[in-house]
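Here the structure is laid out as structure tokens; the discussion comes afterwards.
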Amino acid sequence: MKLATILLLLLLPVGEVFAQHQHGGVSTVPTSAKKPFLENAKGGKVEYHLYVNDTLANISGKRKVSALAMNGQIPAPTLNFTEGDTAVIHVHNLMRHETSIHWHGLLLPNKEDGVPYLTTAPVEPGGQYTFTFPLIQSGTFWYHSHTMLQEQSGLYGSIVIQPRKKSYEVDKEFVLLLSDWTDENPRRVLNALKRNDPASEWYSIKKGYAQSLDKLIQHKGLGNRLKNGWKRMPPMDLSDVYYAAFLANGKRKESIPDLKPGDKVRLRVINGSASTYFYLHGGAGKLELISSDGIDVKPIKIDRLLMGIAETYDFLLTVPKNKTMEFRATAQDVSGFASLYFGKGDTLSAAPIPRPNVWNMDEMMMSMAVNFPDRMNHSGMGEMDHSKMKMEP
Ligand SMILES: [Cu+2]
């Protein structure tokens, strides 16, 4: 086959899916027949219903765009379980195109893993699939569509599995699901990245990271750029995509209700973004990290943490007296952030992360070193003189 024909065949199903996406979904299940989100939680069996559908949503606050939702929500509702439960999750596909749900980080029988054409058949348009699996672990996890670019359009939610025996007694638990949002069709974004077309440069311009000769000279980065150009390294950016908004539970600003000063909070943070690493940092002292990807860790106090895509981290927080504390997630390229506030009174804002010097790669990589003071002391790195460190890009 000619290359052009192969490309056309590859592109056809994509066009089909998104053409339908524009028209909105059809519900083959009458609304009256819909079961409640949580149908049953007796005898160790916890049964949920998820309804996947097309929608229009104004997430960025700038314009309404086509999006995908579960039970009418972006993000999808949180699924709560206890270790030892059996999860029974009915996924109802109300769209005209297929879907799938993958349970990220859960240990389960392969056929319930939800990766279409690999472990589980896709959920057909108008169809339904019931996932049944035992929960043999505890912690913070999440779920998302594993079909095309549906996750980027809104199909993601949190999973919390309580341990049989709690390792921390707290006054409140709170889930913070972080994400990034583009008002563009995600397929358009992917095309821009693949073809290296002007749109991807436009993303840099929008973020103020476009490289020009005068900026390179101004930031003393010309020599560095020439050196890296010689090695065929493209100009630096930390994230190739421009996002209209960074979100905490689907909003730019989130808050934890019903807290008293001195209350202990277990904050479960999930990075459900498409391509954003987040710095996590707070407005009052260090953050106490107690769990990572569903596994308890030896508690460690940190100033800030760089969180990768799909990771989860749990923190222990104390509500300050007569103050509001900000817990901030700043995109690694410092093009924006989402905030969580808790407590009452004057706000202890998180100190802004300085913008990286993308005009000088060596300098930028130095500034990105994440601060893990405890760990560094254990390894004897505390006394290291960074000015003498040499790094090859
Ligand atoms: Cu995943």
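The table that follows gives values for the structure above.
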item	result
Residue within segment 150-171 that is over 24 Å from residue 71 (Cβ atoms), β-branched (Val, Ile, Thr) and touching a strand residue (DSSP E or B) at 6+ places or on another chain (Cβ under 9 Å) present	yes
Where residue 349 falls short, out of the listed (1) in contact with an Asp or Glu (Cβ under 9 Å, 6 or more places away or on another chain); (2) touching a residue at least 60 places away in the same chain (Cβ under 8 Å); (3) within 20 Å of residue 244 (Cα to Cα)	(3)
Strands (runs of 3 or more DSSP E) enclosed by segment 172-275 - at least 1 residues per element that are of a type in the set (A, V, I, L, M, F, W, C) and modelled with pLDDT of 80 or more	172-181, 245-248, 264-271
Residue pairs meeting the criteria (Cβ under 8 Å; at least 6 apart or on separate chains; first outside the structural domain of residue 250 (by TED's automatic domain parsing) and over 18 Å from residue 186 (Cα atoms), in segment 151-164; second away from the ligand (no atom under 16 Å from the Cβ) and basic (Lys, Arg))	158/268; 160/268
Of all residues in segment 132-171 being more than 16 Å from the ligand (Cβ to nearest atom) and of a type in the set (Gly, Ala, Ser), the one that is surrounded by the most Cβ atoms within 10 Å (Cβ to Cβ)	138
Flag if residue 127 is on the phi > 0 side of the Ramachandran plot and either at pLDDT 95 or above or within 15 Å of the ligand (Cβ to nearest atom) (or both)	no
In segment 98-118, residue nearest to the ligand (Cβ to nearest atom) [restricted to those that are touching a strand residue (DSSP E or B) at 6+ places or on another chain (Cβ under 9 Å) and more than 19 Å from residue 158 (Cβ to Cβ)]	115
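To keep it simple, each residue is scored yes or no on (1) surrounded by fewer than 17 Cβ atoms within 10 Å (Cβ to Cβ); (2) modelled with pLDDT of 95 or more.
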{"residue": "281", "(1), (2)": "no, yes"}
{"residue": "301", "(1), (2)": "yes, yes"}
{"residue": "314", "(1), (2)": "no, yes"}
{"residue": "322", "(1), (2)": "yes, no"}
{"residue": "331", "(1), (2)": "no, yes"}
{"residue": "337", "(1), (2)": "no, yes"}
{"residue": "341", "(1), (2)": "no, yes"}
{"residue": "359", "(1), (2)": "no, no"}
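The values are calculated or read from the model by the stated rules, or taken from the named source; none is laboratory data. What you see is a predicted model, and the numbers here were worked out from it, not measured in a lab. Because the Cβ atoms are built from the backbone with ideal geometry, glycine has one as well, and the counts that use them run over all protein chains shown.
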